[in-house]
1. Looking at (1) free of Cβ contacts under 8 Å to residues at least 12 places away in the same chain; (2) of a type in the set (A, V, I, L, M); (3) in contact with a Phe, Trp or Tyr (Cβ under 8 Å, 6 or more places away or on another chain), can you tell me which one Val107 breaks?
2. Looking at this structure, is Ala194 surrounded by fewer than 22 Cβ atoms within 10 Å (Cβ to Cβ), hydrophobic (A, V, I, L, M, F, W, C) and modelled with pLDDT under 95?
3. Scan the range 178-225 residue by residue and report those that are among the hydroxyl-bearing types (Ser, Thr, Tyr) and free of Cβ contacts under 8 Å to residues at least 40 places away in the same chain.
4. Looking at the range 84-133, which of its residues are under 11 Å from Leu46 (Cβ atoms) and out of contact with any helix residue (DSSP H, G or I) (no Cβ under 8 Å at 6 or more places or on another chain)?
5. Hey, can you tell me all the residues within the range 165-187 that are assigned to a helix (DSSP H, G or I), over 15 Å from the mean Cα position of the chain (by Cα) and within 19 Å of Ile255 (Cα to Cα)?
6. Mind checking which helices (runs of 4 or more DSSP H) fall wholly inside the range 217-276 and carry at least 3 residues that are among the hydrophobic types (A, V, I, L, M, F, W, C) and under 15 Å from the mean Cα position of the chain (by Cα)?
7. List every residue pair whose Cβ atoms lie under 6 Å apart, where the two residues are 6 or more positions apart in sequence or sit on different chains, the first residue falls within the range 246-274 and is small (Gly, Ala, Ser), and the second residue, located anywhere, is modelled with pLDDT under 95.
8. Scan the range 28-53 for residues that are closer than 30 Å to Ala149 by Cβ and either among the charged types (D, E, K, R) or crowded, with 24+ Cβ neighbours inside 10 Å (or both) and report the count.
Amino acid sequence: MHQTDTASAVDALEPHPLDVVPPARMARLVEEVGVRKVRLSFVSTLTLGILAGAFIAFGSMFYAVTVTGSELGFGPTRLLGGLAFSLGLILVIIGGAELFTGNSLIVMAWASRRITTAALLRNWGLVYVGNLIGAVATAVLVHLSGVLALGDGAVGITVDTIANAKISLDPAQAFVRGILCNILVCLAVWMCFAARSVSGKVVAIVFPITAFVALGFEHSIANMYLIPIGMLYQSGSIDVVALLANLLPVTAGNIVGGGALVALVYWLVYLGPTRAA
């Protein structure tokens with residue numbers, strides 16, 4: 001989730017004894033950023049969405065190479081892979097880009113009636129399309145680069161295995177895994193608003209993102225890269241129907257996890273009618 005122009009807002013807050021922004025103020029910052037996001041121009045929103053799709057693809061690529069050939073055992077290998085995947089959200093947050101899953105937090109501004117439903121859906125739609133373009137384009141470039149031949153072709157076998165596992169998921173499982181994934185992703189973005197430094201944001205990102213990857217949850221934007229790259233390796237083409245069969249339930253789960261179980265919950269606590277005194 002892009003955090004442009006939040007630094008001045010954070011600096012204006014009273015200092016906190018632990019040098020972090022407390023949750024109640026984080027909620028106001030997230031709300032304000034949500035308002036600013038929906039006001040971005042068509043070109044800016046789409047372009048930043050494309051960048052985020054590419055950034056998540058880089059993290060996914062790093063993950064695939066990292067777990068290939070690992071002899072550490074199931075748990076440690078997934079832990080290491082999750083650490084590698086964290087690169088994607090670090091690039092999004094620190095580099096600045098618009099990520100669909102993180103933008104579930106815009107629901108806080110919507111719940112406060114500071115933005116309309118149409119504005120929320122416009123942002124989500126443009127960002128989602130941008131993420132798809134960036135992720136799939138990166139998959140095509142990686143396929144053409146010959147990177148999948150690394151390790152005597154072992155990396156290619158890894159991406160093929162990952163893609164097949166994802167498209168074989170039961171839709172109900174994909175939906176629930178999407179919920180669980182975006183709870184952790186949005187909590188990572190949420191905690192970034194507490195940090196006052198780049199290093200603080202990186203630390204806030206790494207643990208939740210490593211956890212969702214290690215636990216096997218489903219991230220719609222990562223799947224926009226991981227499924228196409230596996231398909232390209234196997235057949236040289238992308239099965240759009242199979243891709244959508246995974247993306248639709250995962251995307252719906254991501255919206256519920258981030259928009260309802262993180263954004264709306266924090267809105268109720270800190271900004272809504274039941275907010276803390």
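The values are calculated or read from the model by the stated rules, or taken from the named source; none is laboratory data. Predicted model, so just to flag it, every value in this text is computed and none were measured. Glycine also receives a Cβ, built like all others from the backbone with ideal geometry; neighbour counts cover every protein chain displayed.
1. Condition not satisfied by Val107: (1).
2. Values: surrounded by fewer than 22 Cβ atoms within 10 Å (Cβ to Cβ): yes; hydrophobic (A, V, I, L, M, F, W, C): yes; modelled with pLDDT under 95: yes.
The answer is yes for Ala194.
3. Initially, the range 178-225 is screened for residues among the hydroxyl-bearing types (Ser, Thr, Tyr), giving 197, 199, 210, 220, 225.
Selection gives Ser197, Ser199.
4. Gly125 - this is the single residue of the range 84-133 that is under 11 Å from Leu46 (Cβ atoms) and out of contact with any helix residue (DSSP H, G or I) (no Cβ under 8 Å at 6 or more places or on another chain).
5. Step one: of the range 165-187, the residues assigned to a helix (DSSP H, G or I) are 165-167, 171-187.
Now narrow it down to the ones that are over 15 Å from the mean Cα position of the chain (by Cα): 165-167, 171-176.
Lys166, Pro171, Ala172, Gln173, Ala174, Phe175, Val176 - these are the residues of the range 165-187 that are assigned to a helix (DSSP H, G or I), over 15 Å from the mean Cα position of the chain (by Cα) and within 19 Å of Ile255 (Cα to Cα).
6. On the way: elements: 220-235, 240-255, 265-270.
So the answer is 220-235, 240-255.
7. Listed by first residue and then by second, the contacts come to nothing, as the list is empty.
8. Step one: of the range 28-53, the residues closer than 30 Å to Ala149 by Cβ are 50-53.
Still in the list and also either among the charged types (D, E, K, R) or crowded, with 24+ Cβ neighbours inside 10 Å (or both): 52-53.
Total satisfying the criteria: 2.
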